[in-house]
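One structure is given below, encoded as structure tokens.
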């Protein structure tokens, strides 16, 4: 199972640039995870035909907050994946948000705009960064998680 992972799009409407990014990097994914700060639900129209699991973030409009929960736990190929945006200062964010879940194999989050792909204590911590915003990061990124017998992640630098 191949999952396209995105977060912190910070867009107020459907976006042609994001559409091109999705067509290029997520053409062959089975699912999409969006880890919040979507801003407006119309942004998700770029994922036509794909199953999308999303959570709301701290910057999202009420329409997004109504449509999506603050966190999700998903069973994918027998692995538990936690999906959350995050909150507060980036310092120590992982220790705050891991406490929102029990027994997960992978924690997907956003908020910091900085890409993370690392394992700690048997949990894959995965933040795809932001494909559209560079306010807190030097590069635009998104990610792919592959789930089979194990879970692996890959951060992808978006070519501009």
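Key figures
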read-out	value
Leading residue by the ranking (farthest from the chain's Cα centre (by Cα)) among those in the stretch 76-90 that are surrounded by fewer than 18 Cβ atoms within 10 Å (Cβ to Cβ) and closer than 22 Å to residue 131 by Cβ	90
Members of the stretch 118-131 that are crowded, with 19+ Cβ neighbours inside 10 Å and either in contact with a helix residue (DSSP H, G or I) (Cβ under 6 Å, 6 or more places away or on another chain) or not in a loop (DSSP other than H, G, I, E, B) (or both)	123, 124, 125, 126, 127, 131
Odd one out for residue 88, checked against (1) under 19 Å from residue 114 (Cβ atoms); (2) at pLDDT 95 or above; (3) touching a helix residue (DSSP H, G or I) at 6+ places or on another chain (Cβ under 9 Å)	(2)
Selection count, the stretch 53-84, where residues are touching a helix residue (DSSP H, G or I) at 6+ places or on another chain (Cβ under 6 Å) and either without any contact (Cβ under 8 Å) to a residue 24 or more places away in the chain or not in a helix (DSSP H, G or I) (or both)	3
Residue satisfying all of: in the stretch 91-115; in contact with a helix residue (DSSP H, G or I) (Cβ under 8 Å, 6 or more places away or on another chain) and touching a residue at least 60 places away in the same chain (Cβ under 8 Å); surrounded by the fewest Cβ atoms within 10 Å (Cβ to Cβ) among these	111
Scan of the stretch 16-47 for residues that are out of contact with any strand residue (DSSP E or B) (no Cβ under 6 Å at 6 or more places or on another chain), assigned to a loop (DSSP other than H, G, I, E, B) and buried (at least 20 other Cβ atoms within 10 Å of the Cβ), ordered by number	36, 37, 38
Selected residue (only one of 58, 140 is surrounded by fewer than 22 Cβ atoms within 10 Å (Cβ to Cβ) and in contact with a strand residue (DSSP E or B) (Cβ under 9 Å, 6 or more places away or on another chain))	140
Selection count, the stretch 1-19, where residues are in contact (Cβ under 8 Å) with a residue 40 or more places away in the chain and under 30 Å from residue 148 (Cα atoms)	10
Any chance residue 73 is exposed (fewer than 13 other Cβ atoms within 10 Å of the Cβ) and either more than 21 Å from residue 153 (Cα to Cα) or modelled with pLDDT of 95 or more (or both)	no
Top-ranked residue in the stretch 1-15 [being modelled with pLDDT of 95 or more and either in a strand (DSSP E or B) or more than 14 Å from the chain's Cα centre (by Cα) (or both); ranked as farthest from residue 159 (Cα to Cα)]	1
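The values are calculated or read from the model by the stated rules, or taken from the named source; none is laboratory data. Being a predicted model, the structure only gives us computed values, none of them experimental. Cβ: placed from backbone, ideal geometry, glycine included. Neighbour counts: every protein chain shown.
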